[in-house]
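Q: Please read through the structure below; I'll follow up with questions.
The values are calculated or read from the model by the stated rules, or taken from the named source; none is laboratory data. Remember, predicted model here, so these are calculated numbers, not experimental data. Cβ placement follows ideal geometry from the backbone for every residue including glycine, while neighbour counts extend to all protein chains displayed.
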Amino acid sequence: MKSEFLEVPYINSNSGVSLTTTQMQWVMVHELGHKLGFRHMNAPWESGSSRTHIPATLYEYDNSSVMHPYVTSSTSWNGFSDSDIRAAISLYTDGTWTNITPLGRLMQISVGSASNIWGVNSSYIPYQWNGSDWVNRAVGGALKQVSAAADGAVWGTGPDDRIYRWSGSSWTNITPLGRLKQVSVGNQNTIWGVNSGNMIYRWNGSDWQLITPAGRLKQISVGSDGTVWGTNPYDQIYRWNGSDWALVAPGSALKEVSVGDANHIWGVNSQNQIFRWYQNAWVNITLLGALKQISSSSDGQVWGVNASDMIYRGAFNF
């Protein structure tokens, strides 16, 4: 079997030495990787070559990668390494955004589930997606931000930080119990928010409980399973562990994070690049698009809006 790109120090494909079936499988997958745009993983002896490191993949030597530069007598096809999978996701899961903009523009969007999608436009008018169009829900309230949950709960905040809850037909003002600049609803019993001073609050069913002694956040997101993440004024990312905030992926920076549940977490950075939390690392899946704000749900829905308030719906298989 002739290899066009692979250097074979121990088993020379032109020397007449036969490769085992599993070695041939490995070589074929490796060469297909080149055809798809992947170069050799960062082997020490190739450190001088011109390559682009794919975020969330190992920068050092990865013995398990199918893009390892050499095949040896011990090589066999055992599947892709974690870095191989992350690299494929990073390069080939973009371009799957559907533009929903002809039906309207929104400055912010929230996805609780495939059947509970809301947004607000630049005039502070809240809208609900009915599956084919946006329905005006500005009944008794103007909103600058809205949050929808998987169980149908919907809360929002107004331009003056007043807090509202959707009753099914109108907005109920919850403001006498406090004001928040942003609220996030995981379900009807799990609601968090932050105020203009980045102080953190949790709804206990009748009032707001101050959680700030454990830290401050400019933005917060809670999933349907109670998972809570947020970002601070320095774009550092934190996860609530039940009693305190734990820093996530030190060195990473996102202006906003969206939690559908523990397995569906997305975010965008200050350059409007799009990231998905996958196998304990952020995978950059921006490539063919950029979003200023993103929202995900536990059933796999991912929606977002770009800098021009154009609306996009994602379709991803991971």
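Q: Scan region 215-250 residue by residue and report those that are surrounded by fewer than 22 Cβ atoms within 10 Å (Cβ to Cβ) and touching a helix residue (DSSP H, G or I) at 6+ places or on another chain (Cβ under 9 Å).
A: Ser243, Asp244, Trp245
Q: Follow-up question, since we're still on this one. Which residue, of Asn232, Asn306, Asn284, is in contact with a Phe, Trp or Tyr (Cβ under 8 Å, 6 or more places away or on another chain) and either hydrophobic (A, V, I, L, M, F, W, C) or closer than 22 Å to Ile100 by Cα (or both)?
A: Testing whether each residue is in contact with a Phe, Trp or Tyr (Cβ under 8 Å, 6 or more places away or on another chain) and either hydrophobic (A, V, I, L, M, F, W, C) or closer than 22 Å to Ile100 by Cα (or both) leaves just Asn306.
Listed here are the residues, each with its yes/no results for (1) outside the structural domain of Gly178 (by TED's automatic domain parsing); (2) assigned to a loop (DSSP other than H, G, I, E, B); (3) in contact with a strand residue (DSSP E or B) (Cβ under 6 Å, 6 or more places away or on another chain).
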position	(1), (2), (3)
Trp192	no, no, yes
Ser196	no, yes, no
Gln209	no, no, yes
Gly226	no, yes, yes
Gly230	no, no, yes
Asp235	no, yes, no
Gly242	no, yes, no
Ser252	no, yes, yes
Val257	no, no, yes
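Q: Of all residues in region 295-313, which are part of a strand (DSSP E or B) and within 18 Å of Gly104 (Cβ to Cβ)?
A: Selection gives Ser295, Trp303, Gly304, Val305, Ile311, Tyr312, Arg313.
Q: Out of Ser110, Ser90, Ser147, I need the residue that is in contact with a strand residue (DSSP E or B) (Cβ under 7 Å, 6 or more places away or on another chain), buried (at least 17 other Cβ atoms within 10 Å of the Cβ) and modelled with pLDDT under 75. Which one? Before the answer, list the steps.
A: Working: Ser110 fails: modelled with pLDDT under 75; Ser147 fails: modelled with pLDDT under 75.
Only one candidate passes the filter, namely Ser90.
Q: In region 268-294, what residues are over 16 Å from Arg105 (Cα atoms), among the hydrophobic types (A, V, I, L, M, F, W, C) and assigned to a loop (DSSP other than H, G, I, E, B)?
A: Once the filter is applied, which keeps residues that are over 16 Å from Arg105 (Cα atoms), among the hydrophobic types (A, V, I, L, M, F, W, C) and assigned to a loop (DSSP other than H, G, I, E, B), region 268-294 yields Ala281, Ile285, Leu287, Leu288.
Q: For region 114-141, enumerate the residues that are on the phi < 0 side of the Ramachandran plot and out of contact with any strand residue (DSSP E or B) (no Cβ under 8 Å at 6 or more places or on another chain).
A: Of everything in region 114-141, those that are on the phi < 0 side of the Ramachandran plot and out of contact with any strand residue (DSSP E or B) (no Cβ under 8 Å at 6 or more places or on another chain) turn out to be Ala114, Ser115, Ser122, Ser123, Asn130, Ser132, Asp133.
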